[in-house]
Amino acid sequence: MRETDLFQALRPWLMAATGIEVIEAHPSAPRPEGEYVEVNLIEAVKLAHAVTYLYEEDDTPESDGIKDLYQVPVIPFEWLYSINVYASDPVDKARQVVTWASCDAGAFHLHPLIAQPIERIRRLPVLIDGKWEGRAQFELAIRGYVKRGVITDGAGNEIQIGRVPIDEVLEGTITLGPTDRPGLVSGDYQKPEGD
């Protein structure tokens, strides 16, 4: 899951909770007119080691016609957001988010992500264009799983992160390549009959 995916999931969820527009912090667009919520990702934390590993075949066969097999870790992550509510009643709107996160309906609309609001809401009026505006700020932790990271080199080519290639897959036998790491040995794994 990438930052843009997270915001695309969080935006309609926050709009349903508050009833007002939701924007990302530091956008290139001008501020919206009227009341709005500003979302700023401030931290991403790996919570634990991989909880499981998936195995996927490469979609493009090598020149010898054999597809590579990749190990893909599934890792629990938490993303911490700073949420700023600009409204005439900002603390009330912030409380609506805390309530929405505590309801089954709120959890359902964010699934498979889990919202965990940090329930300390700060009232922080701000002077914008010579005029005081109501503002409340709080943190919202979102938890989920990262299957794999994808980085683009700018030309549209994807580089897969977190994938470990295994040399060959031949008729139920996976041959592991040589290793120079202490404690690891190369060898064969025979797929059990019937699988």
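The values are calculated or read from the model by the stated rules, or taken from the named source; none is laboratory data. Keep in mind that this is a model prediction, so the values were computed, not measured. Quick reminder, even Gly has a Cβ in these numbers, built from the backbone with ideal geometry, and neighbours come from all protein chains shown.
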When (1) in contact with a Gly (Cβ under 6 Å, 6 or more places away or on another chain); (2) of a type outside the set (S, T, N, Q); (3) more than 20 Å from R11 (Cβ to Cβ); (4) not in a strand (DSSP E or B) are applied to W100, the one that fails is (3)
Among the residues of the stretch 17-36, how many are under 20 Å from the mean Cα position of the chain (by Cα) and in contact (Cβ under 8 Å) with a residue 40 or more places away in the chain? 1
Residue under question is V85, and the condition is that it be touching a helix residue (DSSP H, G or I) at 6+ places or on another chain (Cβ under 7 Å) and not in a strand (DSSP E or B); does it hold? no
Is it the case that T4 is surrounded by fewer than 16 Cβ atoms within 10 Å (Cβ to Cβ), touching a strand residue (DSSP E or B) at 6+ places or on another chain (Cβ under 7 Å), among the polar types (S, T, N, Q) and over 18 Å from A141 (Cβ atoms)? no
Within the stretch 102-137, the residues that are touching a residue at least 60 places away in the same chain (Cβ under 8 Å) and among the small types (G, A, S) are G106, A115
Odd one out for N84 among (1) modelled with pLDDT under 90; (2) surrounded by 11 or more Cβ atoms within 10 Å (Cβ to Cβ); (3) under 21 Å from Q8 (Cα atoms): (1)
